[in-house]
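Visitor: Sending over a structure as structure tokens; questions will come in a sec.
The values are calculated or read from the model by the stated rules, or taken from the named source; none is laboratory data. Just so it is clear, the model here is predicted, and its values are computed rather than measured. Cβ coordinates were reconstructed from backbone atoms using ideal geometry, including for glycine residues, and neighbour counts include every protein chain displayed. Calculation scope for accessible area: heavy atoms of the full protein, side chains included, ligands and nucleic acids excluded. Shrake-Rupley method; radii C 1.70, N 1.55, O 1.52, S 1.80 Å.
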Amino acid sequence: MLVPASTGYAFNRTRNAYLATRLSIAGTHWSRLRGLMGKDAASFPAGDGLWIVPSRGVHTLAMKFPIDVLYLDTNKLVVHVEQNLKPWRVAKVSMNTASVLELPGDTLKSSGTVIGDEIEIALRPAREASTA
């Protein structure tokens, strides 16, 4: 299970669809590098998400399951998507990207998320989340 620095949600405003209702943030060098490495699909079910800030791309080295990836610009508009990115891959690096949202495989297909969509991300500190 991910140990979040904070929790929140990711919502596709364009499609009126939640992408993640249990969103964690990877905002340190180590947490961005580690990401979902060594996790299994059961520890990252539908509704989970990992927001990597800052990031211009991702890898799935040492991962055991495919993920969907949204590349977001500074306004959280989708500038690139990777659907069902398989383990042991290095994805595209995009200089137009400010952050990346990793989601369980098939999330983008089920939500209809595409390039140009506007994503809302809301976070709250972990201590607030644990008392809520």
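Visitor: Go through segment 112-124 and give me each residue that's crowded, with 17+ Cβ neighbours inside 10 Å, at pLDDT 95 or above and within 14 Å of the chain's Cα centre (by Cα).
Guide: Of everything in segment 112-124, those that are crowded, with 17+ Cβ neighbours inside 10 Å, at pLDDT 95 or above and within 14 Å of the chain's Cα centre (by Cα) turn out to be Thr113, Ile119, Ile121.
Visitor: Can you tell me which of Thr113, Thr74 is in a loop (DSSP other than H, G, I, E, B), in contact (Cβ under 8 Å) with a residue 40 or more places away in the chain and among the β-branched types (Val, Ile, Thr)?
Guide: Testing whether each residue is in a loop (DSSP other than H, G, I, E, B), in contact (Cβ under 8 Å) with a residue 40 or more places away in the chain and among the β-branched types (Val, Ile, Thr) leaves just Thr113.
Visitor: Hey, another quick one. Within segment 13-28, which residues are open to solvent by 20 Å² or more (accessible area, probe 1.4 Å) and under 11 Å from the mean Cα position of the chain (by Cα)?
Guide: Once the filter is applied, which keeps residues that are open to solvent by 20 Å² or more (accessible area, probe 1.4 Å) and under 11 Å from the mean Cα position of the chain (by Cα), segment 13-28 yields Arg22, Ile25.
Visitor: Take the residues of segment 40-52 that are touching a residue at least 60 places away in the same chain (Cβ under 8 Å) and not aromatic (Phe, Trp, Tyr): which is nearest to Ala91 (Cα to Cα)?
Guide: Result: Ala41.
Visitor: Does segment 96-111 contain at least one residue that is small (Gly, Ala, Ser), farther than 17 Å from Phe11 by Cβ and modelled with pLDDT under 95?
Guide: no
Visitor: Under 6 Å between Cβ atoms, which residue pairs at least 6 apart in sequence (or on different chains) link something in segment 18-39 that is farther than 23 Å from Asp117 by Cα with a partner that is at pLDDT below 95 and surrounded by fewer than 22 Cβ atoms within 10 Å (Cβ to Cβ)?
Guide: Short answer, once both residue conditions are applied: Met37/Ala62; Gly38/Ala62.
Visitor: If the requirement is being exposed (fewer than 15 other Cβ atoms within 10 Å of the Cβ), out of contact with any helix residue (DSSP H, G or I) (no Cβ under 6 Å at 6 or more places or on another chain) and either among the small types (Gly, Ala, Ser) or modelled with pLDDT under 95 (or both), which of these qualifies: Gly38, Gly47?
Guide: The match here is Gly38.
Visitor: Just need a number here: residues in segment 14-38 that are under 23 Å from Val93 (Cα atoms) and outside any strand (DSSP E or B).
Guide: Number satisfying all stated conditions: 12.
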